[in-house]
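The values are calculated or read from the model by the stated rules, or taken from the named source; none is laboratory data. These numbers were taken from a predicted model, which means no experiment stands behind them. Every residue, glycine among them, receives a Cβ derived from its backbone with ideal geometry; neighbour counts consider all protein chains shown.
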Amino acid sequence: MTKTVYVLNGPNLNLLGTREPQVYGTQTLADVEQICAAACARHGLALEFRQSNHEGALVDWIHEAGRLHVEGRLAGVVLNAAAYTHTSVALLDAVKGTGVPLVELHISNVHARESFRHHSYLAAAARAVMCGFGVQGYALAIDGLAQW
Ligand code: DQA
């Protein structure tokens, strides 16, 4: 049975390519989706790739991934919650409540940036946390969870 990877992207990541390119690079979210699709194909995994600027949508998608997890059909979730990383108890509770195996991902090295980016509500519930590899980090995250 083919397992699925959920790659979920939070607020403002739809602006990748033009948003602070010195921080996030010049590749677009569509490019990131291609990177993820290639990584999933290498591992024989299916991909659900989504972005929302709305916290509740991300919560709903984690619940959806949780239902696949219960059925043994989820490979893992790669979540770049963007700014919600630093604010959202709701996303933390969604991850804890579903038990989905989670990679918390950031394109930039959040620890080299403003201090408000140093704290993550999600890290405590994540199986892995990665940051600073640029958009190639998404492929590395999929390579990692494919071994779980
Ligand atoms: C980010 C880092 C966050 O601090 C920021 O709010 C983002 C993107 C990253 O991918 O580096 O929107 O998650």
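A few notes on this one:
- Among the residues of region 25-52, those identified as in contact with a helix residue (DSSP H, G or I) (Cβ under 8 Å, 6 or more places away or on another chain), among the small types (Gly, Ala, Ser) and outside any helix (DSSP H, G or I) are Ala46, Ser52.
- Annotation note: of Gly97, Gly72, Gly134, the sole residue that is surrounded by fewer than 19 Cβ atoms within 10 Å (Cβ to Cβ), more than 16 Å from the ligand (Cβ to nearest atom), on the phi > 0 side of the Ramachandran plot and among the small types (Gly, Ala, Ser) is Gly72.
- Residue that is farthest from the ligand (Cβ to nearest atom), among those in region 18-43 that are of a type in the set (A, V, I, L, M, F, W, C) and out of contact with any strand residue (DSSP E or B) (no Cβ under 8 Å at 6 or more places or on another chain): Ala41
- Of the residues making up region 8-17, at least one is under 18 Å from Ile107 (Cβ atoms), buried (at least 17 other Cβ atoms within 10 Å of the Cβ), of a type in the set (Gly, Ala, Ser) and within 15 Å of the ligand (Cβ to nearest atom).
- Among the residues of region 75-94, the ones that are among the small types (Gly, Ala, Ser), within 15 Å of the ligand (Cβ to nearest atom) and without any contact (Cβ under 8 Å) to a residue 60 or more places away in the chain come to 1 in all.
- Here His118 meets each of (1) touching a residue at least 24 places away in the same chain (Cβ under 8 Å); (2) surrounded by fewer than 19 Cβ atoms within 10 Å (Cβ to Cβ) with one exception, condition (1).
- Boolean, Leu13 is touching a strand residue (DSSP E or B) at 6+ places or on another chain (Cβ under 9 Å) and modelled with pLDDT of 95 or more: yes
- Tally, over region 86-130, of residues that are touching a His at 6+ places or on another chain (Cβ under 9 Å) and more than 30 Å from Glu71 (Cα to Cα): 7
- Applying the condition of being in contact with an Asp or Glu (Cβ under 9 Å, 6 or more places away or on another chain) and in a loop (DSSP other than H, G, I, E, B) to region 2-24 and asking which residue is farthest from Leu58 (Cα to Cα) yields Gly17.
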